[in-house]
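What follows is a short report on a single structure.
The values are calculated or read from the model by the stated rules, or taken from the named source; none is laboratory data. Owing to the predicted nature of the structure, the values given are computational and were not obtained by experimental measurement. Heads up, the Cβs are rebuilt from the backbone with ideal geometry, glycines too, and the neighbour counts pull from every protein chain shown. Note: areas computed on protein heavy atoms with side chains; ligands, DNA, RNA excluded. Shrake-Rupley method; radii C 1.70, N 1.55, O 1.52, S 1.80 Å.
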Amino acid sequence: MKLFNAKNIGGALLGFVMLLGTVMVAGTTAQAQYPYPNQDQYRRQRDYERAQRERERQAEIERQRQMRDDQWNRNNDQWNRNNDRWNRNDQWGRDNRGRRGRNGDGYGNLGGSYELRQTALNAGYNEGNKAGRNDRRSGRYDPTRSSAYRNALKDYNSRMGDRYAYQQYFRAAFENGYSDGYNGY
C-alpha cells in the first residue's frame, strides 16, 4: 500500500484549501460589520453632536419666542400708556368712570357667538332693570338677591353655545340694568 497516494494528497489539499477559504470569508464578514476598531466611540461622538445641535436649535427657538414676547410687551405697554383709561376697568371690562369699553357696551369679551352675547346682554339688562325698579319701591339694593341673577339662563338656548359664557354676560348686564332701574333710568 502506498502511503502517499495522489488521491490522499489531493483530498487533504482540497480540505485544507476549503478550511482556509472558510476562515478568510468569516474574517472579512466580521470586518465588514466592524470597520473601525473602536466604533462605539464614534457612535457616542455622533450622538453627542446630534444632541448638541438639538439643544442649540431649542435655545434659538426660545430666544426667538422671548424676543417676540418682549416686543409684544413693549408695544402693549406703550399702548397702555397712551390709553390709560383702559387700565381702570372692573372685573367685567367696564370702565369705572361711566364710559363703556369694547364696542361701546362695556362688557368685555368672554367668548361665545354674537347671538349668545347679544341675547344674554339684552335678557340680563331687561331682567335687571325690572328687578331694580321693584327694589327701588321697597328701598333695598341687592342685585344678587334676584333668582334671575342666580340662575342667569333666561332666553338661553344650548344651540347658542357655552352656558357659562352666557351666564357671565347675563349677570354683567343684569347688574347694569339693576343699577339703572334702581336709579330710575
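Averaged per residue, the range 113-169 has 60 square angstrom of accessible surface, using a 1.4 angstrom probe with ligands and nucleic acids left out. The packing ranking of peptides 126-134, 113-121, 47-55, 144-152, highest mean first, is 126-134, 113-121, 144-152, 47-55, where packing means the average number of other beta carbon atoms within 10 angstrom of each residue. Just check the range 145-185 against the gyration tensor rule for me: Cα atoms, a ≥ b ≥ c as the square roots of the eigenvalues, rounded for a/c under 1.5, and otherwise prolate or oblate depending on whether a/b exceeds b/c. Here the range 145-185 falls in the prolate category. In this structure the amide hydrogen of residue 106, modeled in the peptide plane, comes within under 5 Å of the amide hydrogens of 101, none closer than 5 places in sequence on its chain.
In the range 111-155, the portion of solvent-accessible area held by carbon and sulfur atoms comes to 44 percent [1.4 Å probe, whole percent, DNA, RNA and ligands not counted].
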